[in-house]
Amino acid sequence: MKEFTIYNYKDTRSGFGEGLLELGRKNPEVVALCADLTGSLKMDAFAAEFPERFIQVGIAEANMIGIAAGLTVGGKIPFTGTFANFSTGRVYDQIRQSVAYSEKNVKICASHAGVTLGEDGATHQILEDIGLMKMLPNITVINPCDFNQTKAATLAIAEHDGPVYLRFGRPKVPTFIPEDQEFIIGKALMLNEGTDVTIIATGHLVWESLEAAKELESKGISTEVINIHTIKPLDTEAILKSVAKTKCVVTAEEHMRHGGLGDSIAQLLAHKLPTPMEMIAVDDRFGQSGTPAELMTEYGLDAANIVKAVEKVIGRK
């Protein structure tokens, strides 16, 4: 089992904030818009340094998306920021009509995704946002796993021509991806090679999958762990190559089972390589109030449940 160094514990939203500030210094066409959550989205440093390129729209998320779409016509690269629930569910019509259908170069940046938003509860936690976004034509969907990968993703999407949904979170999590790791949109990252089972994870569940892999290795189970940071376009080549070798797969995500990463991989395997598969995801439930750690356990989104899923799927080979 490959050993990973934990460099620090940071929230992924801070990776976005640092990436946005760096972009502001590099590219004068980058502008930022926020819906009254500048501090929560870590956009305050950008706003302070580039006030002429920052628009505080207030609690008017639909208006924010419309303004962002309009700014692209003049060649600007707008980054919008609010909670994931308000970035997608509240403004789905505006994203569909003004951004996706029109193929506008808007970067929809969404913090506080999943149940790890914590105590704010079900009305602020969204578990269906990846599904909402990936079903829209023309939109790239990215869900990085730690601070360094989120910063790298933020920088990368500015170079990508087209709409992007970038999803990140609130809690401090281990930073284990090297700072100089290249971020390639649509290219999976192999974290650990194995032969008995493939674990394909995204976001906060990547670290949990590595923790699960450690325990599985101690039980004699050789585990391949793949970080799928780009949900759409999906790296089908990497997935099929790994699953052809291990003959079974577990997916892990902080998202609803319906419409998430697991669904995309199940469709791929059904068409190309039917394989025993288990999914770690939220099973048709809304969120609730609690600490991030409590909720991850309550919804089965942790290393212990990944281990159980692996043992189950291996028994189905």
Once each part is reduced to its C-alpha centroid, what is the distance from segment 193-210 to segment 255-272 in angstrom? 16
Suppose we keep just the DSSP beta bridges with both residues in segment 189-312; what percent of those would be antiparallel, to 5? 20
Kindly express, to the nearest 10 degrees and within the range 0 to 90, the angle between helix 261-272's C-alpha long axis and the longest C-alpha principal axis of the chain. 60
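Determine the dipole magnitude for the chain: charges of +1 sit on the beta-carbon of Lys and Arg, -1 on that of Asp and Glu, nothing else is charged, the reference point is the Cα centre, and the result goes in debye to the nearest 20. Intermediate results must be reported in sequence, preceding the final value.
Details: 31 positive and 41 negative charges, 126 e Å.
The dipole of the chain has a size of about 600 debye.
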Hey, got the dipole for segment 189-312? About the Cα centre, +1 on K and R Cβ, -1 on D and E Cβ, debye to the nearest 20? 420
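Classify segment 61-187 from the C-alpha gyration tensor, please: rounded if a/c falls under 1.5, else prolate or oblate depending on whether a/b exceeds b/c.
Values: a/c = 1.96, a/b = 1.16, b/c = 1.68.
Cα axes put segment 61-187 in the oblate bin.
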With point charges of +1 on the Cβ of Lys and Arg and -1 on the Cβ of Asp and Glu, referenced to the Cα centre of the chain, which listed residue (Val282, Thr123, Pro174) lies farthest in the positive direction of the dipole? Val282
As a test of understanding, state the convex hull volume per residue of segment 16-120 from its alpha carbons, in Å³. 92
Between their Cα atoms, which of Lys151/Lys245; Lys151/Lys247; Lys10/Lys232 are more than 29 Å away from each other? Lys151/Lys245; Lys151/Lys247
If a/c stays under 1.5 just call it rounded; otherwise compare a/b with b/c (prolate if a/b is bigger, oblate if not). Do that for segment 189-312, with a ≥ b ≥ c from the square roots of the Cα gyration tensor eigenvalues. oblate
Determine the relative contact order of the chain: mean sequence separation of Cα pairs under 8 Å and six or more apart, normalised by residue count, in whole percent. 19
So how tilted is helix 205-218 from the main axis of the chain? Cα-based, degrees 0 to 90, rounded to 10. 20
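In whole percent, what relative contact order does segment 189-312 give with Cα contacts below 8 Å and a gap of six or more residues?
It comes to 29 percent, rounded to a whole number.
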Percentage of Cα-Cα pair distances in segment 162-204 greater than 14 Å, rounded to whole percent? 67
Measuring from the longest principal axis of the C-alpha atoms of the chain, the long axis of helix 147-159 (C-alpha) lies at a number of degrees, nearest 10, equal to 50
Of Thr195, Ala212, Ile184, which is farthest on the positive side of the dipole of segment 176-218, counting Cα position, with +1 on Lys and Arg Cβ, -1 on Asp and Glu Cβ, and the Cα centre as origin? Ile184
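On average, how much area does the Cα convex hull of the chain cover when viewed from any direction, in nm²?
On the way: hull surface 58.5 nm².
Computed as one quarter of the Cα hull surface, the answer is 14.6 nm².
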Taking 0.36 nm per residue of sequence separation and subtracting the Cα-Cα distance, how much length would be gained by fully extending the chain between Asn63 and Thr297, in nm to one decimal? 80.5 nm
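Please work out whether segment 96-156 counts as rounded, prolate or oblate from its C-alpha gyration tensor, where a ≥ b ≥ c are the square roots of the eigenvalues and a/c under 1.5 means rounded, while otherwise a/b larger than b/c means prolate and anything else oblate?
Working: a/c = 2.48, a/b = 1.29, b/c = 1.92.
It is oblate, given that a/c is not under 1.5 and a/b is not larger than b/c.
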Rounded to 5, the percent of DSSP beta bridges in the chain classed as antiparallel: 20
Computed [θ] at 222 nm, deg cm²/dmol, the chain (DSSP H ≥ 4; -39,500 (n - 2.57); rounded to nearest 500): -10500 deg cm²/dmol
Treating only the Cβ atoms of Lys and Arg (+1) and Asp and Glu (-1) as charged, compute the dipole magnitude of segment 9-175 about its Cα centre; round to the nearest 20 debye. 180
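Quick note: the coordinates plus some simple rules give every number you see, no bench work behind them. Since we're looking at a predicted model, the values are computed, not measured. Quick reminder, even Gly has a Cβ in these numbers, built from the backbone with ideal geometry, and neighbours come from all protein chains shown.
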